[in-house]
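Read the figures in this text as sums done on the coordinates, not as results from a lab. The structure presented is a predicted model; accordingly, all values stated were derived computationally and were not measured. Neighbour counts are summed over all protein chains in view; Cβ atoms, including those assigned to glycine, are modelled from backbone coordinates with ideal geometry.
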């Protein structure tokens, strides 16, 4: 083998692991895109219509979930209301290359402040399955929505189904404030 071919093969063989990593990332991205397309094809779009605006702590949260295609039976639907506070976690790493340099990285962390889970009653689902009445009693001592603080606090409603095949899943931000 001549020296040019050897040098080329030596450097090409070093890049193979990087190429494989990118190929795996591409396949995972394509599979996720296919999954989201199939879920949209099965259930269509969703929207949450508030019964009142905004919701107040100590009062009810009432809303109507509307979908463009029917949802499964009410006993297969799980509703979860959460109050979340975001914070940042900082991690420090030391270089092993002999330099001993330290690097810091931070990432957002969601801290659960309050949560309630339930299933809708059969009468909360419309006969055609495209509307679902959602109701929760909000606690009076929880934190209200606040996107202006250093660590934002917000409420989200998650709707999930447990059915064979592709499950329905949707997450909605809901405005919850203190009574003034």
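Of note:
- Residue among 68, 106, 93 with the largest mean-square fluctuation in a Gaussian network model of the chain, springs linking Cα atoms under 10 Å: 93
- Using a simple spin-label model with pseudo-atoms 7 Å out from Cα toward Cβ, residue 38 and residue 80 lie 2.2 nm apart.
- The GNM of the chain, with springs linking C-alpha atoms under 10 angstrom apart, assigns the highest mean-square fluctuation among 36, 65, 157 to 36.
- Principal-axis tilt of helix 3-43 within the chain, Cα atoms, nearest 10 degrees: 10
- When shorter helices are ignored and each DSSP H run of at least 4 residues is given -39500 (n - 2.57), the per-residue value for the chain at 222 nm works out to -8500 deg cm²/dmol.
- Choice from 27, 56, 109 showing the highest fluctuation, given a GNM over the chain with Cα pairs closer than 10 Å: 27
- Between residue 135 and residue 105, the modelled label-to-label distance comes to 4.7 nm, taking each label 7 Å out from Cα in the direction of the beta carbon.
- Rel. contact order, % - alpha carbon contacts under 8 angstrom, at least six apart, the range 11-160: 28
- Calculated FRET efficiency for the pair residue 50/residue 117, C-beta based, R₀ 25 Å, to 0.05: 0.80
- Note on residue 178 and residue 31: their simple-model spin labels are 4.8 nm apart, each label 7 Å out from Cα toward Cβ.
- Shape category assigned to the chain from the gyration tensor of Cα positions, a/c cut at 1.5: oblate
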